[in-house]
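Just below is one structure, and these are the notes that go with it.
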Amino acid sequence: MKKIILLLVVCVAIFSAETSSAQKIAYVDMQDIVSSMPASAKADTAIQKFQQDLYQQYQTMQKELQDEAGAFVKDSATMSEAVKQVKRGSLQDLNLRIQQFRQNINNNVNKKYSDLMKPIVDQAQAAVGAVAKAKGYSYVLDDSEQVKVLIIKPEGDNLTAAVKAKLGLK
C-alpha cells in the first residue's frame, strides 16, 4: 500500500513538473521565407536554364532522328537488305536513347533543383532555429500553402517576419 501511494505521489510530481514547463510552439511560412531569399531567385534562374538546355538537346536529338529516318526512306531503295537491317537497328537505338533521355529530363531537373535549393533551405532552417531559440520556442511548425496543417494559429506565434529580419529580407 505504501508503494502504491509513493508511486502515485511520484507520478503526480512528474506530471505537475511537465505541465509547469509547457512547451512553446510557433510557426513559420517556409515557402515565403525561402522564396524571398535572393539565392532562391538565382537558383530558379539556373534551374530554368538547365531545363531549357536539356530540352534543346532533346530537340536536337529528335531532329537527328528525323533526318536519319528521312535519309533511310530516301535511300532504302538502293540499299541491300543487310544495310537496311543495320540502319533500322541504328534508328531504333537512337529512338530508344531519345526516349530514355526524355524520361531522365525530369529526374535531372529535380536533382538539380534539390542540389541548388538544399543550402538555401538549410540557411533558412538555421535562421528559424536561431529565432526560435532566442524567443524561447521549443517547436516550430511549417505553415506554408502546401502544408497548411494549422487551423487555429495566434499571430503572436508567427515567426516568419522575425526569421526574414534575421536573414536580412523584407
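The values are calculated or read from the model by the stated rules, or taken from the named source; none is laboratory data. For clarity, every value in this text was computed on a predicted model and none was experimentally measured. Here the Cβ positions follow ideal geometry from the backbone for every residue, glycine too, while neighbour counts run over all protein chains shown. Only protein heavy atoms, including side chains, enter the accessible area calculation; ligands, DNA and RNA are left aside. Shrake-Rupley method; radii C 1.70, N 1.55, O 1.52, S 1.80 Å.
Between 74, 133, 170, the distinction of being within 30 Å of residue 27 (Cβ to Cβ), open to solvent by 50 Å² or more (accessible area, probe 1.4 Å) and without any contact (Cβ under 8 Å) to a residue 12 or more places away in the chain belongs to 133 only.
Out of the residues in the stretch 87-109 that are among the hydrophobic types (A, V, I, L, M, F, W, C) and surrounded by 12 or more Cβ atoms within 10 Å (Cβ to Cβ), which is farthest from residue 46 (Cα to Cα)?
We begin by selecting, within the stretch 87-109, every residue among the hydrophobic types (A, V, I, L, M, F, W, C); these are 91, 94, 96, 98, 101, 105, 109.
If we keep only those that are surrounded by 12 or more Cβ atoms within 10 Å (Cβ to Cβ) too, we end up with 91, 94, 98, 101, 105, 109.
On the way: 91: 33, 94: 29, 98: 24, 101: 20, 105: 15, 109: 10 Å.
Residue satisfying both the conditions and the ranking: 91.
The residue that is nearest to the chain's Cα centre (by Cα), among those in the stretch 24-55 that are outside any helix (DSSP H, G or I) and farther than 15 Å from residue 117 by Cα, is 29.
A quick yes/no check of all residues on (1) at pLDDT 90 or above; (2) under 30 Å from residue 121 (Cα atoms); (3) open to solvent by 90 Å² or more (accessible area, probe 1.4 Å):
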{"position": "36", "(1), (2), (3)": "yes, yes, no"}
{"position": "55", "(1), (2), (3)": "yes, yes, yes"}
{"position": "66", "(1), (2), (3)": "yes, no, yes"}
{"position": "70", "(1), (2), (3)": "yes, no, no"}
{"position": "81", "(1), (2), (3)": "yes, no, yes"}
{"position": "85", "(1), (2), (3)": "yes, no, yes"}
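Looking at 82, 134, can you tell me which residue is of a type in the set (A, V, I, L, M, F, W, C), in a helix (DSSP H, G or I) and farther than 30 Å from residue 34 by Cα? Checking each option against the conditions leaves just 82. Being closer than 21 Å to residue 37 by Cβ, open to solvent by 80 Å² or more (accessible area, probe 1.4 Å) and not hydroxyl-bearing (Ser, Thr, Tyr) is not true of residue 164. Residues in the stretch 137-170 that are touching a strand residue (DSSP E or B) at 6+ places or on another chain (Cβ under 9 Å) and part of a loop (DSSP other than H, G, I, E, B): 137, 138, 143, 144, 147, 149, 150, 153, 159. Scanning the stretch 142-158 for residues that are loosely packed, with under 11 Cβ neighbours inside 10 Å and of a type in the set (Asp, Glu) yields a count of 2.
Per this entry, residue 139 is not counted among residues that are of a type in the set (Phe, Trp, Tyr) and surrounded by 14 or more Cβ atoms within 10 Å (Cβ to Cβ).
Please enumerate the residues belonging to the stretch 110-123 that are surrounded by fewer than 13 Cβ atoms within 10 Å (Cβ to Cβ) and in contact (Cβ under 8 Å) with a residue 40 or more places away in the chain. Within the stretch 110-123, 119 is the sole residue that qualifies.
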